[in-house]
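The structure under discussion appears below in the form of structure tokens.
The values are calculated or read from the model by the stated rules, or taken from the named source; none is laboratory data. Owing to the predicted nature of the structure, the values given are computational and were not obtained by experimental measurement. Cβ: placed from backbone, ideal geometry, glycine included. Neighbour counts: every protein chain shown.
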Amino acid sequence: MSHPYGSFSAQRMHSRRRHGDRGESSQSGESHFGNHGRGRGQGGHPPWLKGKQIGLYYRDKAREMKQKSTKVIKLSEHVQVQIERVLYNSKGYYEKLYNNAYAEDTLHGTLENKYMHIHDSQFKRKFMNMVSGNLHENLDRALLVKSRLERDSDLDKMLFNEFKTATQEYQSMEKIRLKLPAHHKKVDILRLLKTNQVIVISGETGCGKTTQVPQFILDDAIEHRDGSVTRIICTQPRRISAISVAERVAAERAERLGKSVGFHIRLEKVLPRDRGSILFCTTGMLLQFLQGDPALKEFSHIILDEIHERTTESDFILALLKLIISKRSDLKVLLMSATVNPESFSEYYNNCPMIHIPGFTYPVTEYYLEDVLFLTEFKFPPATALPQDHRKHIKKYKQEQQKRDEFQDMIEVIDQLRNPHSEKLSLDLIEQLIRKRDPGAILVFLPGMMDIIKLNKIMLENGHYPQNQYVIYPLHSRMPTIDQKLIFKEPSEGVRKIIIATSIAETSITIEDVVYVIDCGKTKYGKFDLQKNIQTLEPEWVSLANARQRKGRAGRVKPGVCYHLYSKAREKTFECFPLPEMLRTRLEEVILQIKILQLGKAKTFLESVMSPPNMKAIDLSLDLLRTLNALDDEEHLTPLGYHLAQLPLDPRTGKMIIWAALFSCVEPVFAIAASLNFKDAFYCPLGKEEEARKKKLELNMNQFSDHIALSEALTRFEAAYKRSYASSFCRDYFLSFNTLKLLSEMKTQFAQHLYQMKFMNSENPSDVNANKNSKNTVLIKAIVCAGLYPNVAVIRKVTRNGTFAWTPEDGCVAIHPSSVNDRVKEYTSPYITYFTKQLSTAIYLHDTTCVTAPILLFAAPNMSIRKEKGNYFISLPSSQNFACDWQSAQLIQKLQEQFNNLLEYKITHPGTVCWNGFEGDLLKALTLFVNHSAIINLVCQKDEEMGFSESNIQKCEDNMCD
DNA sequence: GAGCACTGC
């Protein structure tokens, strides 16, 4: 019987001969010239060479040196045999499964033909419906289906009677409700709603719109015996607010959650009764409901709250609701926003009516930088970079004014404002301002963590803030708040509370007793730079809306004071609102949503949102989705895209968990996917940064991987949780208990999804059959790399200032100091894969895993083999090249083809892997391959070609020092 | 030597 890959033998001979040739010539080179150094003084080239020959001699010698330092990929005999065996068995395997229907029919146009090779199954039916449907047909179809909101007169009567027999508790709560400003608008709102399908309600925090408006509607419906056809949904941008608002409303109705009021957020819900009820949920949750209920037949009223925040989710739903209401004339929509520009929402909804609820807050006195400078007599450091004539001008100006003593202070202030430093954040100015305030809690807004750390340090070290008189709380999403409850309480007599916060204190965290707000006027914005094609995070001036929100934080319990640390003139340059999120972020997930809701072409739909994103941004995201094989050339969802669109994950991490299910290693990969998508649980504890870093290094277990550290943290947390010492574990390792708890619950959610998709046999993420390879760290890294591919960088230089790597798109990048791979003495491999790359003070890779060449070859979707001057190279789409042994390269490529076949089959025929058959053997061979300890170096490209010269690294370092 | 803030059947 002839070997199916018999041709390999001949080629092997061929390749050996080629290598032999070079071997001989290099040997002869050595023997001729010995160990001569390069310099002429040491002998240099042989004396008999002349002119051009000398040049050629050095060229060849350089090549020779390069060749010697380049190690070549060559599979060990053992691995070769395994791969060859699998390849032998692969012959005809998928053709048989596909019934030969596959090759010819993929060429023809219609979708039915295109996916003919997929066997009839539940998956195929669902998938075909999805790819061939459109929203209008779906809405028409959905409207024919009977809704739960059918009139039921008995129920109407029952709800009415229940409502009329209000308890004492209800009545006492009602007294408080009647005092809210919203109450005075109750009649107007209900009247407006009767004659209009859509209305806009504006009002500041404290006016009671969020808690009262849904109740106005519900109570009115019940009183008019419409309870059985009323179900109100009210969306909130944050999980916490969905819960707390629901709790508040239930309390006002003297009920427990779950009767007429409930909430639903990811991983947690208390649902109210089906009818005659209000459901508070996160905006993302409504988006999920839309997948199963495109006409929103389950609801009579949709209330979108806080739409002025312009999140991607609320902007998306605003556009989608416009389509839905045209087919559902009985659906009422209420858009609720702060008083910033409610007109824009009205205009977007065909000039629908607006109603304003005045808010109630105590007056807040505002001061600007000029006032603050006057007050503190603060001086900025001298401006050194001022143009000469400018300085002369000031001098002259000052001389003229010198005599007018009464204005001297004012003039000095103006002089200070001319100093360019007045535009920069001055922590010293803030500290002096804090020191001179009268009693009352102070809230300071700063742009980022470094500023919080520095200000905290200044205050602790300058001796003006003794612990018995001051208590300082740094507030940042990545910092543990030492005593979470104390921060909300009034401190004891004679003690001053100072909170140093980021924009987290603008909306997410409310501290009631704040009297003074110090607003530095800057915040960090995450954006997407289309020109440079990179995510950025840089401090910028806040918008007027943010500034107003910050000011409002001072007047919650009594009149307050707000100090803006920018001039009145600077304020004139501020934008009215922050840029809508949809214009700042990548659009892959939005596009997948458009596809799963069957809204047609991404560009067409996105043109209909309030602030349509740039076409280039859409193209970039479409390109990535095609690279990931989630969309095809006609922008249709592929079978993989269909799965990915249903997962509550970004598509790259979604791909990761599907692969993990196939390779039976779900626990660690779920942990990593959850951490990358949600947030990692590592805290940055003030003053204990080094200790925390050591703990993270310990969890990395010498694997050179932040991702492994994330996984290990969750594994140990879960073990600790079972034995009830999770809290102390979190304390010891500087981890967030709440984050880890949520991450752990997300793992279960992923398992449920993959179970429904049939990639797992159990809804339990710890199921043994789904975790056969969970201890295989190299495989975990390989799957992480496959999900993150082509995010690969090559480490080039470790300096005192940091670790620098190279990526094809950006050239020089730096590894973020929080990564376990920052400034490692010796890396196991120069390649690192990463999830987040962000431009701040430098281009940083935030989370990294060191990966070997075999892992990269495994992660890449394809590779090419080329021959150059007698040597063979494997080239990857992510720009790495490896010198290789010809036969090994062939085997690796064939193995990859077989793996791609397996993936395509599995994705179109969801199921778990049978480990005792061909599939199992193939995956085992791949696992063996990624574990191959091939000692392989990067084929040395010239530094200049990589854009990686010494001067470039220097530039990178200089930027960082700024 | 450093990551604004959110969110998902």
task = Being surrounded by fewer than 13 Cβ atoms within 10 Å (Cβ to Cβ), at pLDDT below 90 and part of a helix (DSSP H, G or I) is the filter here, so list the residues in segment A:141-168 that pass it.
result = A:141, A:144, A:164, A:168
note = Scanning segment A:290-309 residue by residue, the ones that are of a type in the set (Gly, Ala, Ser) and within 13 Å of DNA strand B (Cβ to nearest atom) total 1
Scan of segment A:880-919 for residues that are of a type in the set (S, T, N, Q) and assigned to a helix (DSSP H, G or I), ordered by number = A:887, A:888, A:890, A:893, A:896, A:898, A:900, A:901, A:908
task = Check segment A:516-525 and report whether any residue there is farther than 27 Å from residue A:370 by Cβ and either within 16 Å of DNA strand B (Cβ to nearest atom) or outside any strand (DSSP E or B) (or both).
result = no
key: Pair list, Cβ < 8 Å and 6+ apart or interchain, from segment A:443-468 residues that are touching a residue at least 24 places away in the same chain (Cβ under 8 Å) to residues that are in a loop (DSSP other than H, G, I, E, B) and basic (Lys, Arg)   = A:443/A:553; A:449/A:478
query = In this structure, does residue A:338 turn out to be over 27 Å from residue A:749 (Cβ atoms), more than 16 Å from DNA strand B (Cβ to nearest atom) and either surrounded by 21 or more Cβ atoms within 10 Å (Cβ to Cβ) or free of Cβ contacts under 8 Å to residues at least 60 places away in the same chain (or both)?
reply = yes
inquiry  = Based on this model, can you work out whether residue A:594 counts as surrounded by 22 or more Cβ atoms within 10 Å (Cβ to Cβ), touching a helix residue (DSSP H, G or I) at 6+ places or on another chain (Cβ under 9 Å) and either within 22 Å of residue A:791 (Cα to Cα) or acidic (Asp, Glu) (or both)?
reply    = no
ask   = Does segment A:804-819 contain any residue that is within 16 Å of DNA strand B (Cβ to nearest atom), free of Cβ contacts under 8 Å to residues at least 60 places away in the same chain and in contact with a His (Cβ under 8 Å, 6 or more places away or on another chain)?
value = yes
request  = Under 8 Å between Cβ atoms, at least 6 apart or on separate chains: pull out the pairs that start in segment A:486-510 with a residue that is within 16 Å of DNA strand B (Cβ to nearest atom) and end on any residue that is acidic (Asp, Glu).
outcome  = A:488/A:512; A:507/A:309
task = Go through segment A:526-562 and count every residue that is among the small types (Gly, Ala, Ser) and more than 14 Å from DNA strand B (Cβ to nearest atom).
result = 5
task = Kindly indicate whether any position in segment A:660-678 is touching a residue at least 40 places away in the same chain (Cβ under 8 Å), surrounded by 17 or more Cβ atoms within 10 Å (Cβ to Cβ), under 30 Å from residue A:549 (Cα atoms) and more than 14 Å from DNA strand B (Cβ to nearest atom).
result = no
ask   = What number of residues in segment A:351-372 are surrounded by fewer than 15 Cβ atoms within 10 Å (Cβ to Cβ) and either of a type in the set (Asp, Glu) or under 16 Å from residue A:562 (Cβ atoms) (or both)?
value = 3
message = Can you go through A:279, A:287, A:257 and tell me which one is surrounded by 16 or more Cβ atoms within 10 Å (Cβ to Cβ) and more than 14 Å from DNA strand B (Cβ to nearest atom)?
response = A:257
note = Quick count over segment A:209-254, residues being of a type outside the set (Val, Ile, Thr), within 37 Å of the chain's Cα centre (by Cα), surrounded by 22 or more Cβ atoms within 10 Å (Cβ to Cβ) and outside any helix (DSSP H, G or I), is 3
Members of segment A:583-608 found to be farther than 23 Å from residue A:647 by Cα and in contact with a Ser or Thr (Cβ under 9 Å, 6 or more places away or on another chain), listed by number = A:583
ask   = If you check residue A:794 against the conditions, is it within 25 Å of residue A:695 (Cβ to Cβ), more than 16 Å from DNA strand B (Cβ to nearest atom) and either at pLDDT below 95 or of a type outside the set (Ser, Thr, Tyr) (or both)?
value = no
request  = Looking only at segment A:432-448, count how many residues are away from DNA strand B (no atom under 16 Å from the Cβ) and in contact with a Pro (Cβ under 7 Å, 6 or more places away or on another chain).
outcome  = 0
message = Just the residues that are polar (S, T, N, Q) and under 25 Å from the mean Cα position of the chain (by Cα), please, taken from segment A:718-755.
response = A:736, A:738, A:739, A:744, A:748, A:749, A:752
query = With (1) within 14 Å of DNA strand B (Cβ to nearest atom); (2) surrounded by 22 or more Cβ atoms within 10 Å (Cβ to Cβ); (3) not in a strand (DSSP E or B) as the list, and residue A:855 as the residue in question, which single condition is left unmet?
reply = (1)
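A quick yes/no check of all residues on (1) at pLDDT 65 or above; (2) polar (S, T, N, Q); (3) assigned by the TED database to the domain that holds residue A:891; (4) within 25 Å of residue A:870 (Cα to Cα):
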{"residue": "A:26", "(1), (2), (3), (4)": "no, yes, no, yes"}
{"residue": "A:34", "(1), (2), (3), (4)": "no, no, no, yes"}
{"residue": "A:43", "(1), (2), (3), (4)": "no, no, no, no"}
{"residue": "A:49", "(1), (2), (3), (4)": "yes, no, no, no"}
{"residue": "A:101", "(1), (2), (3), (4)": "no, no, no, no"}
{"residue": "A:108", "(1), (2), (3), (4)": "no, no, no, no"}
request  = Determine if segment A:649-656 includes at least one residue that is within 16 Å of DNA strand B (Cβ to nearest atom), of a type in the set (Lys, Arg), out of contact with any Lys or Arg (no Cβ under 9 Å at 6 or more places or on another chain) and closer than 24 Å to residue A:914 by Cα.
outcome  = yes
